[in-house]
Structures are given as C-alpha cells and as structure tokens.
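Here is the structure we will look at.
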Amino acid sequence: MSVVNKVRINARTITDKEFFYGHKACAGCGGSLAVRHILKVLGERTFTVLPAGCMSAVGFNFPQLCFDSNAIISTFAGTASMMSGIAAGARALGLKDYHVVGIAGDGGTADIGLQALSGAIDRREKVIYICYDNEAYMNTGIQKSGLTPFGARTTTTPAGENIKGTVTTKKNMFEIVAAHGIDYAATASVGYIQDFINKIQKASEVDGTSYIHVYAPCPTGWGTETDVTIDLAKEVVDTGLWVLAEYEQGEFRLNRNPKSFAPVENYVRRQGRFKHLEDEDIAAIVHARDAKWEQIRNSWKLK
C-alpha cells in the first residue's frame, strides 16, 4: 500500500517540517531547493537515494548530516538499482505507507546512471526517480554532461576561436524515459514551484515507476548572481527553451502552452557560460526551439 495524500499540497497546506536543512550547498542552488520540496511533499516515511553529486556532497558531511529521514549515498551509476533493492527490502519486511525516491543530477541520470534507470523502469519498480538538471557535472568541476545545452562553456568544452563551447544539444531525457512506456513522467522547473509540487504529489500516487526532470539553475557553474536562480528557472520556461509537460497512459500532455515566447537573448546574455555566443549562435538556438515546438504542437495534447 502506498501513501496517498488526501489534501492537495500548496503554499498553505505544505508542512512546516524540514527534511533537508543545514546543508552546505552554494548560495542560490536550484538543486537544494528541489530536494527540499521533494522531501516536504513525500514526508517522513521516505527512503532517499542520492548518488555521488552535489546533493550528497553537501548533505552528508559527518557529523552534520542534513537529512531528517532515511537517506543513503549510492554509487554514481547505481541510483536506480539501489532504489530497487530498497523497495524489495521494504516489501520483504511488510512495510506500509512509504516512498522510495532517487534524486540525481544530470550526469548521474543521463550519462552514468541511465542503464540502471532503464532497468528499473522496465521492471515497473514502485519508485520515484527525480533528476535535478543543472546542465553539467557541477560537483566535480563543471564538466559537460549529456544534458549540457548547445553553446555552454564548461571546463571540458571551453569557448575559443575554433569551438564555441558545447557543440552538442541536450539529450531529451523526458522522451527517452517515455519511450520505455513508463507509468508517469514529467518535466518541471524550480521557477514554477506549484507545478513541481503537483507533479511530485502525483508521482507519489502512481502504482509503478515515476520520473520527474526538474530544471535547477547553478549560479557557480552558470556564472550568474545568486539571487536570480528563480528568475532564470522561470525565464527558461517562458522563452520556450524548457517545456512543462507530462507523460502517462501512452500520451504526452503539455502543461504550459505560451502564445508567445520571451526573448531568448535576454535569458542567454544573463549567464557567464554563454557570454561568448554571437548573434548567429543565438539564432541557431531559437531555430532549434521553434522546430521542437512545432513538433510538440503537432503531436502532443495541448493544455
């Protein structure tokens, strides 16, 4: 039996209890904000698995452990496999009313952890996997990941005369996961917290595997001020560079369908990782966005 929240959670009804606090994350960290809300929604009867990455690095500094519920560090590649083991152990013990959640970064999800995640979805494990996407391997020195966007400067994709930062585009993890026929998948952003909360709560009520991909800016890796994290996380949605959507019962559904987009240039120019981009580079980003939205509007259910 799973936990089913009888009351819809919002700013008025969310618990005052903190399950992730006193951590050492950088000021303005979008990932830590995501973890805080995930655990406040899921509650104290939650087993949390975090691989090597920012959130395990800032949350497991003995003796200052920052999780108020059961949490464990997994191998970088093994988040989903450890979740499967915990779920099996909980079933064997006859536990009731609990959640198993994995919280991993973009590298630990789209690259290193993809195989284990694919297997967990294939087995329909009753777990919730959440990727907080800050678009690079931030904890180990800002290296490119499979979710680093085109044009971004990282320590492994420097910007110079011949190559202007990252030359590849982000893997579409949302659609990769959906291709497995997963029970529930969604995208979110820490800039739209109520939408994120709604999706965490919905995932907690699914009898099967759930996946949420949440956009979480990183001031340190992005070269931004610490007080603009939420603004950027809203702006990426408003520019159309990030989509808020869900997948269930074999169908994609768009949660936010803007009539017009905010200027991409404003969003890009606010970030140090993109400061080298020229007008033609930004035009290429806009072209790719427009092509993706044409595909979405032709094939997904619209809000």
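With the requirement that a residue be out of contact with any helix residue (DSSP H, G or I) (no Cβ under 6 Å at 6 or more places or on another chain) and either of a type in the set (Lys, Arg) or under 18 Å from Tyr211 (Cα atoms) (or both), what does segment 44-75 give you?
Arg45, Thr46, Thr48 - these are the residues of segment 44-75 that are out of contact with any helix residue (DSSP H, G or I) (no Cβ under 6 Å at 6 or more places or on another chain) and either of a type in the set (Lys, Arg) or under 18 Å from Tyr211 (Cα atoms) (or both).
Consider Val236 carefully, then state whether it is modelled with pLDDT of 95 or more, in a helix (DSSP H, G or I) and under 15 Å from the mean Cα position of the chain (by Cα).
Yes: the conditions hold for Val236.
Every residue in segment 205-220 that is out of contact with any helix residue (DSSP H, G or I) (no Cβ under 7 Å at 6 or more places or on another chain) and either open to solvent by less than 40 Å² (accessible area, probe 1.4 Å) or not in a helix (DSSP H, G or I) (or both), please.
Selection gives Glu205, Val206, Asp207, Gly208.
Among the candidates Lys170, Lys202, which residue alone is open to solvent by 20 Å² or more (accessible area, probe 1.4 Å), modelled with pLDDT of 95 or more and under 20 Å from His99 (Cα atoms)?
Sole residue among the options that is open to solvent by 20 Å² or more (accessible area, probe 1.4 Å), modelled with pLDDT of 95 or more and under 20 Å from His99 (Cα atoms): Lys202.
Would you mind telling me which numbered condition in (1) within 17 Å of the chain's Cα centre (by Cα); (2) surrounded by fewer than 21 Cβ atoms within 10 Å (Cβ to Cβ) Phe252 fails?
Result: Phe252 fails condition (1) only.
If I ask for residues that are surrounded by 15 or more Cβ atoms within 10 Å (Cβ to Cβ), touching a Leu at 6+ places or on another chain (Cβ under 8 Å) and hydrophobic (A, V, I, L, M, F, W, C), which ones from segment 68-102 would you list?
Those that are surrounded by 15 or more Cβ atoms within 10 Å (Cβ to Cβ), touching a Leu at 6+ places or on another chain (Cβ under 8 Å) and hydrophobic (A, V, I, L, M, F, W, C): Ala71, Ile73, Ala80, Val101.
When segment 180-199 is examined, which residues are found to be part of a strand (DSSP E or B) and under 20 Å from Val100 (Cα atoms)?
Listed by number, the residues that qualify are Tyr184, Ala185, Ala186, Thr187, Ala188.
Sort out which residues of segment 103-113 are open to solvent by 10 Å² or more (accessible area, probe 1.4 Å) and touching a residue at least 60 places away in the same chain (Cβ under 8 Å), and write them in order of number.
Within segment 103-113, Gly105, Ile112 meet the criteria.
The values are calculated or read from the model by the stated rules, or taken from the named source; none is laboratory data. Predicted model only: the values in this text are computed from it and were never measured. We place every Cβ from the backbone using ideal geometry, glycine too, and count neighbours over all the protein chains shown. Keep in mind that these areas ignore ligands, DNA and RNA; they rest on the heavy atoms of the full protein, side chains included. Shrake-Rupley method; radii C 1.70, N 1.55, O 1.52, S 1.80 Å.
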